[in-house]
């Protein structure tokens, strides 16, 4: 295996970024991590500002890693626009946590599996979809299963999806695969248009749509709201506001602006740690 190096000239914390609940197909490997993203698999280690990595299946380059971990995002500049003490505290405490620009199809399947679930179960579900319905590759590190493409999953019966253990989510995964929606096309749409398109797919609600838009399609104004974020917003940002999660999300987008998704990710991580 060829090992390559990428020096990061900006704040990046690999451990925090992977453990922050936005991406699911990773696991510890020796002193680093083995990561699978759609059709790619790689091993990566961080030593201070140096990343060492090797491709396991699929081509992984320094540019791919820069894009995947959004190493070009200027966190100092992004967070300088906000004066909220809770956000500033979270930024200071978790500096280096970055949004992941993951494959849109992987992201969509993951967050459909996230409904009424938890991180271990989501990881199990997405790995099962790969092993049952995707192509396997033998490598020096073992056998790895790629996530099924939309076309491959569209050929799977609804019964087989239920038998894969994803529960009620099977019908939504089935519907998305059959929809023919080209997720990448939503990257070039404005936020409201892209979200409306996602909401037209049965099973995709406000939170799942915002997760897909934020974590894979560069709509950084998206602000997914779950119970942790509701607590964080009510405790730290909008103590006098009441309403639905969608109303809180809209208010948060207005409050935080074009990079609201970064504020969301830091507040989410902070809330899980102390609330």
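Please give the strands (runs of 3 or more DSSP E) falling wholly within the range 19-95 in which 3 or more residues are surrounded by fewer than 17 Cβ atoms within 10 Å (Cβ to Cβ).
26-29, 50-57
Can you tell me which residues in the range 173-196 are touching a residue at least 60 places away in the same chain (Cβ under 8 Å) and more than 21 Å from residue 257 (Cβ to Cβ)?
Passing the criteria: 173, 176, 183, 184.
For every residue, the table says whether it meets (1) within 17 Å of the chain's Cα centre (by Cα); (2) under 30 Å from residue 179 (Cα atoms).
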site: 59; (1), (2): no, yes
site: 66; (1), (2): yes, no
site: 76; (1), (2): no, no
site: 95; (1), (2): no, no
site: 103; (1), (2): yes, yes
site: 112; (1), (2): yes, yes
site: 127; (1), (2): yes, yes
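Here's the yes/no breakdown for (1) more than 23 Å from residue 205 (Cα to Cα); (2) out of contact with any strand residue (DSSP E or B) (no Cβ under 6 Å at 6 or more places or on another chain); (3) crowded, with 18+ Cβ neighbours inside 10 Å:
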residue	(1), (2), (3)
152	yes, yes, no
157	yes, yes, no
163	yes, yes, no
169	no, yes, yes
172	no, yes, yes
175	no, yes, no
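Test residue 199 against the stated conditions and say whether it is in contact with a helix residue (DSSP H, G or I) (Cβ under 6 Å, 6 or more places away or on another chain), over 21 Å from residue 121 (Cβ atoms) and without any contact (Cβ under 8 Å) to a residue 12 or more places away in the chain.
The answer is yes for residue 199.
Could you please find all residues in the range 96-141 being farther than 25 Å from residue 187 by Cβ and part of a loop (DSSP other than H, G, I, E, B)?
96, 116, 117, 118, 135, 140, 141 - these are the residues of the range 96-141 that are farther than 25 Å from residue 187 by Cβ and part of a loop (DSSP other than H, G, I, E, B).
Here, each number is a calculation from the coordinates, and none is a lab measurement. This structure is a prediction, so every number in the text was calculated from the model and none was measured. Here Cβ is always computed from backbone atoms with ideal geometry, including for glycine, and neighbour counts include all displayed protein chains.
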